[in-house]
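Below is one structure, written out as structure tokens, with a few remarks after it.
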Amino acid sequence: MYQNLRMLIWGLMTLSLFSCNSLYDGDFELEDTERTFAVPIAFGSLNIQDVIDRAEGDASIRIDGLGRITALYSGEILRDNASKIFPPVPGIFEFAIFDTIAELPLPVNGSYRIDKGIFDNTNIYFKFNHSEKEVIKVRMFIESVNNDGIVWEKDYTLDFTNDADGVIETSSSSLLNWVAFPVNNKIKFRYLAYKPNGDRIKMSYAAMRFDVLKFTYLDGYFGNHTFDIKGDIIKINLFDLWKSGGLEIEQPQITLDVDNAFGFPVRSKVNQLTVKTVGDKLFNVESEYINKGIDFDYPSINQVGQTKNTVFHFNAQNSNIGELFKDKVIQVIYDFDALANPDGDTGVKNFYTSDGFFSVKVNVELPMKIKANLFTIADTIDLDLSDYDAAKAVELKIKTANSFPMDMVVGLIFLDNNNNVLYTLAESEKIKVGSAPLNGGEKTTTKNTQEHVLNLDVDKFSSIKQAKKILVTGSFDTNIQSATPIWLYNDYGMDITIGAIVKIQ
């Protein structure tokens, strides 16, 4: 009974009551007599953190300087790294050098223009064919690659005297930190080959290959590229226990928080931004920014290594979010792409670093400034009265200390194991919990403390002896206290103590 107790729910936030397994020696006394004995039921408190703890996924609260609460629900951080722009290219094929000078193409997207690249740990090899049994000296130049202005070159001694097939492949050479300056996405190779007598020759065949082509840095223009950022669902648990009535949240927002370390323009493409309400109804968020996209900030060519942040809010001013959240939203479903160089401006210098990334986090921000219209929720608690067969009546004593500026009406429905209704409190028996006074301001400063007594006579008690759980309903209406929305503060809460006097035959 105690472990599953969730009684007298604070409807706006579906906050749960946490009970205790030990006996309670609280503020009111239950007297033992020869014909009665006291039974502690439960005690606990309600506060905003309870609903956040029950949420699935990343949920938290934000408290402003005045103590006002905003509930935050966040999706998974969606991230793409630099490998999407220029993934490592495995060296499957060799590139033939048909003459002593050759321009070999970079294996890049045809819409890219590479002006500069700094190699990562890429290793290159050369292969040569020669038909005579002699030693050939070769000096290889990569004229498009240098380090501090010194062109890459390397000497090779090729001994074909004992070579069976006239083919020699050189050992590997690392290009780590060497800088390439391609022209039309091509890198220029040149070699000088000499016979033992000093005559210069052209080799029967020459080729270059690499193990894996990788760059730590590239700049130029990378064309149009789409980053397919996988979608996600944000679950909102404010209405987990909703039964009836309405709730309005002032100024809800869906926020895109974007970090961009890519050095080129990026624009959003919204494939889906939908809310799901109680009853599984789906509604699309509508906004001009969904149609035309959102431009995200990016580091310029003079800001290599920096990350730019963009925060964009879909709110009631630029979308239909305000109207959508007048209903009971339980999910936000989204799917975005990011478009690189969306305007196709080849004059914008793009850059890439191997540790660059693009990330998107979507947040749902719900300021707890609300209006409730007969908002009603329900939850169950376990009950076991099998030890009280000799009892003829029960008196429940319920003490509440409420600092919320909202009245609450609580009903109890006793159910058997099959959820059949055994007994329902009449309207006159429902527990009325008074709101804390606002005292002329926006915030309550004192608690409203009340004690409630519920008598279950012989007939009523006999009806509920087989009950195994209680369905607890709570109804709220801010209009009783104020015609304007009410802020909820971090120190608002409700303390509750429940005890019983069981009368024995």
Looking at the stretch 96-113, which of its residues are within 35 Å of the chain's Cα centre (by Cα) and of a type in the set (A, V, I, L, M, F, W, C)?
-> 108
Selection count, the stretch 165-174, where residues are over 59 Å from the mean Cα position of the chain (by Cα) and either touching a residue at least 12 places away in the same chain (Cβ under 8 Å) or open to solvent by less than 60 Å² (accessible area, probe 1.4 Å) (or both) = 1
Quick one: which of 170, 122, 157 is under 25 Å from residue 218 (Cα atoms) and at pLDDT 95 or above?
-> 122
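Here's the yes/no breakdown for (1) free of Cβ contacts under 8 Å to residues at least 60 places away in the same chain; (2) exposed (fewer than 15 other Cβ atoms within 10 Å of the Cβ); (3) not charged (D, E, K, R):
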site: 414; (1), (2), (3): yes, no, yes
site: 421; (1), (2), (3): yes, yes, yes
site: 426; (1), (2), (3): yes, yes, yes
site: 442; (1), (2), (3): yes, no, no
site: 459; (1), (2), (3): yes, yes, no
site: 473; (1), (2), (3): no, no, yes
site: 487; (1), (2), (3): no, no, yes
site: 494; (1), (2), (3): no, no, yes
site: 500; (1), (2), (3): no, no, yes
Touching an Asp or Glu at 6+ places or on another chain (Cβ under 7 Å), open to solvent by 10 Å² or more (accessible area, probe 1.4 Å) and in a strand (DSSP E or B) - does that describe any residue in the stretch 179-186?
-> yes
Give 195, 154 a once-over and let me know the one that is open to solvent by 30 Å² or more (accessible area, probe 1.4 Å) and touching a residue at least 24 places away in the same chain (Cβ under 8 Å).
-> 195
Please go through the stretch 99-113 and pick out each residue that is modelled with pLDDT of 90 or more and either within 28 Å of residue 205 (Cα to Cα) or touching a helix residue (DSSP H, G or I) at 6+ places or on another chain (Cβ under 7 Å) (or both).
-> 99, 100, 101, 102, 103, 104, 105, 106
What is the residue count in the stretch 284-312 for residues that are open to solvent by 40 Å² or more (accessible area, probe 1.4 Å) and not hydroxyl-bearing (Ser, Thr, Tyr)?
-> 16
Subset of the stretch 351-375, residues of a type in the set (Gly, Ala, Ser) and open to solvent by 20 Å² or more (accessible area, probe 1.4 Å), comes to 354
The stretch 107-131, subset touching a Gly at 6+ places or on another chain (Cβ under 8 Å) and either surrounded by 20 or more Cβ atoms within 10 Å (Cβ to Cβ) or of a type in the set (Asp, Glu) (or both), residue farthest from residue 209 (Cα to Cα) = 115
Sort through 258, 348, 278 and tell me the only one that's modelled with pLDDT under 95 and crowded, with 19+ Cβ neighbours inside 10 Å.
-> 258
Give just the number: which of (1) modelled with pLDDT under 90; (2) not in a strand (DSSP E or B) does residue 301 not satisfy?
-> (1)
Looking at this structure, is residue 162 more than 26 Å from residue 222 (Cα to Cα), among the polar types (S, T, N, Q), open to solvent by 80 Å² or more (accessible area, probe 1.4 Å) and assigned to a loop (DSSP other than H, G, I, E, B)?
-> yes
The residue that is nearest to residue 269 (Cα to Cα), considering only those in the stretch 219-241 that are at pLDDT 80 or above and of a type in the set (S, T, N, Q), is 226
The correct count of residues that are farther than 30 Å from residue 177 by Cβ and in a loop (DSSP other than H, G, I, E, B) in the stretch 122-137 is 5
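The values are calculated or read from the model by the stated rules, or taken from the named source; none is laboratory data. Bear in mind that the values here come from a model prediction, so they are computed numbers and not experimental data. Positions of Cβ are backbone-derived with ideal geometry, glycine not excepted, and every protein chain shown enters the neighbour counts. Only protein heavy atoms, including side chains, enter the accessible area calculation; ligands, DNA and RNA are left aside. Shrake-Rupley method; radii C 1.70, N 1.55, O 1.52, S 1.80 Å.
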